[in-house]
Amino acid sequence: MTRHAEIAGAGFAGLASAIALCQRGWTARVHETNRELRAFGAGIFIWDNGLHVLDSLGAYKAVLDGAFAAPVYETRTDGECKSYQPINSPGHLRLLTMTRQHLYQAMLDAARRVGVQIETDSEVVGAGVDGELHLASGARLGADLVIGADGVRSKVRDSLGLPMDRHRYQDGLVRVLTPRGPLKGGEWDHVIDFWATQRRTLRILYTPCGEDLLYMAMMAPLADTQAARIPIDADIWSEQFPQLRPVLETLGDRGRYDLYEKTVLQSWSKGKVAIVGDSAHAMPPTLAQGAGCAIMNALGLAVALDETDTVEAALALWQQRERPLTDHTQRRAAELAASRQLASGMAWDDVGLKAARHLPSGTVAQFSV
Ligand code: FAD
Ligand code: 5PR
């Protein structure tokens with residue numbers, strides 16, 4: 001008997017879940033509330049662990065083709081080098097940067113190849129623990145497994161009344177993509193985490209995403225209404241980061257500000273419903289592992305379903321096996337967000353890199369290409 005999953009949300013978690021299930025003989029239908037399938041205009045970092053998952057999902061080759069592999073990740077605070085980490089060379093961790101749309105398209109293509117069904121303009125309002133997905137249209141869809149991959153404001157999660165802690169932080173990021181302009185070659189091919197702590201604390205995570213595109217994650221406290229504003233005030237930011245003025249002046253009204261937040265669920269499942277990705281474990285982006293953990297756990301869920309006789313047993317095994325690493329990563333990301341310790345080059349220790357070094361369930365050490 002073919003088993004069937006109904007999935008809320010065609011983000012990274014929903015697509016990864018659907019692909020991994022279809023690869024294992026399930027059918028899967030994903031419901032996306034938006035009319036169009038696309039990711040918003042920012043960049044994203046994917047560490048080794050996430051790359052392994054993408055390989056297992058059949059999306060790695062397409063991701064590699066068009067992603068950027070910076071040779072170095074630096075932290076510079078008030079002009080002083082705080083860390084200088086080689087990446088992407090033999091003996092070092094891999095950390096690719098790309099646009100969200102690039103990653104998303106590679107996953108969408110992989111999903112279509114394995115027969116994932118995607119319904120756009122299909123809003124989910126909740127779920128039933130016996131395996132039902134509830135749509136805004138009134139439809140109730142039965143399934144062997146329901147997955148809530150509907151992001152940080154998950155309606156599936158909330159409809160189940162799963163106990164949850166939510167935390168918001170003082171800082172957030174304006175994220176923006178822009179042409180690299182004159183900032184190319186040499187040090188401008190590095191990822192550079194620029195911090196300025198004099199007068200006001202601001203930060204720009206300067207991230208090449210390819211030959212021509214630059215991603216900037218611009219951190220400002222929510223309370224700094226001048227810096228957290230869109231359109232970006234090129235003068236305020238250039239005063240702290242004069243080297244970046246040529247690109248800061250090109251931003252126009254682009255960018256989106258999101259506050260750091262964290263949600264911790266008591267359980268990632270109830271009955272035949274699993275909660276995957278940000279809906280289960282949103283975390284501050286300080287370790288760049290939100291999507292990495294989301295797709296690891298999506299794959300891990302399909303692996304657990306393969307190893308057990310019932311969905312309930314699989315959900316228990318899945319959480320027991322996968323949750324400790326995500327909890328660890330979320331805790332460390334939260335500490336870094338609250339303390340601003342990244343300004344002293346603090347992320348590159350065994351604690352911070354534990355997820356990046358992990359070989360996820362359902363993956364093999366050797367990449368296929
Ligand atoms: P989402 O990406 O939020 O997807 C949820 C999907 O569900 C969306 O398509 C949404 O439209 C849909 N949806 C929502 N509600 C409904 C509904 N009711 N019915 C139907 N569909 C619905 N992670 C990294 O790994 N690396 C990074 O560099 C990184 N940088 C980040 C920077 C910032 C500032 C932030 C805030 C996060 C960052 N992350 C990063 C985290 C990463 O973006 C998230 O962890 C990841 O997007 C989670 O994927 P998801 O599929 O769980 O949720
Ligand atoms: N580090 C990385 C990152 O992508 C972000 C942060 C830290 C690699 C956000 O994009 O602190 O926000 C951060």
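The values are calculated or read from the model by the stated rules, or taken from the named source; none is laboratory data. Fair warning: this is a prediction, and the values are worked out from it, not measured in the lab. Note that we place each Cβ from the backbone using ideal geometry, even for glycine, and neighbour counts take in every protein chain shown. These accessible areas exclude ligands, DNA and RNA; they are computed on the full protein's heavy atoms, side chains included. Shrake-Rupley method; radii C 1.70, N 1.55, O 1.52, S 1.80 Å.
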For this session: Would you please put 50-58, 35-43, 257-265 in order of how densely packed they are, using the mean number of other Cβ atoms within 10 angstrom per residue and starting with the highest?
Result: 50-58, 257-265, 35-43
Exercise. When DSSP beta bridges are limited to those with both residues in the chain, what percentage is antiparallel, rounded to the nearest 5?
Worked result: 70
Seminar exercise, completed: Whole-Å distance linking the alpha carbon centroid of region 203-232 with that of region 60-93 is 18
Exercise. Highest mean first, what order results for 138-145, 356-363 on Cβ atoms within 10 Å?
Worked result: 356-363, 138-145
Exercise. Taking 0.36 nm per residue of separation and subtracting the Cα-Cα distance, what length does fully extending Lys61 through Ile236 add?
Worked result: 58.9 nm
Problem set entry | DSSP bridge pairs, region 1-99: antiparallel proportion in percent, nearest 5 | 70
Exercise. Under a point spin-label approximation (7 Å from Cα along Cα-to-Cβ), what is the Met1-His328 distance to one decimal in nm?
Worked result: 3.8
For this session: Straight distance only, please: which lysines reach the Cα of Lys262 with their own Cα at less than 23 Å, same-chain residues fewer than 8 apart left out?
Result: Lys155, Lys270, Lys354
Problem set entry | Rounded percent of accessible protein surface that carbon and sulfur make up, region 64-153, 1.4 Å probe | 45
For this session: May I ask you to compute the full-extension gain from Leu259 to Val125, defined as 0.36 nm times their residue separation minus their alpha-carbon distance, rounded to one decimal in nm?
Result: 45.8 nm
Seminar exercise, completed: Between Arg140 and Arg113, Cβ-based FRET efficiency (R0 30 Å, step 0.05) works out to 0.50
Seminar exercise, completed: In region 275-329 the accessible area split gives carbon plus sulfur, as whole percent at 1.4 Å, a share of 52
For this session: Would you tally the net charge around Ile236, using a Cβ to Cβ cut-off of less than 14 Å, leaving Ile236 out, and scoring K and R as +1, D and E as -1?
Result: 0
Problem set entry | Per residue Cα convex hull volume in Å³ - calculated over region 313-353 | 51
Exercise. Which residue, Gln320, Gln117, Gln23, tops the fluctuation ranking in a GNM of the chain built on C-alpha contacts under 10 Å?
Worked result: Gln320
Seminar exercise, completed: Surrounding charge for Asp78, neighbours by C-beta under 15 angstrom, Lys/Arg +1, Asp/Glu -1, total +2
Problem set entry | Heavy-atom surface of the chain, accessible at 1.4 Å and reported per residue (Å²) | 40
For this session: With label points built 7 Å along Cα→Cβ from the Cα atoms of Ala313 and Gln226, find their separation and express it in nm.
Result: 6.4
Exercise. Once the Cβ-Cβ distance between Gln320 and Gln170 is put in as r, and R0 is 51 Å, what FRET efficiency do you end up with, to the nearest 0.05?
Worked result: 0.90
For this session: Just add up the charged neighbours of Leu305: K/R +1, D/E -1, any other residue whose Cβ is under 15 Å from the Cβ of Leu305.
Result: -3
Exercise. Mean Kyte-Doolittle of at least 0.0 and a Cα length of 15 Å or more along the axis: which whole DSSP H helices of the chain meet both?
Worked result: 12-23, 290-307
Problem set entry | Cα-based Rg / Dmax (Å) for the chain | 20.3, 65
For this session: Set the Förster distance to 25 Å, then compute FRET efficiency between Ser89 and Gln341 from the Cβ-Cβ distance, nearest 0.05.
Result: 0.45
Problem set entry | For peptides 101-108, 247-254, sequence by mean Cβ density within 10 Å, most packed first | 101-108, 247-254
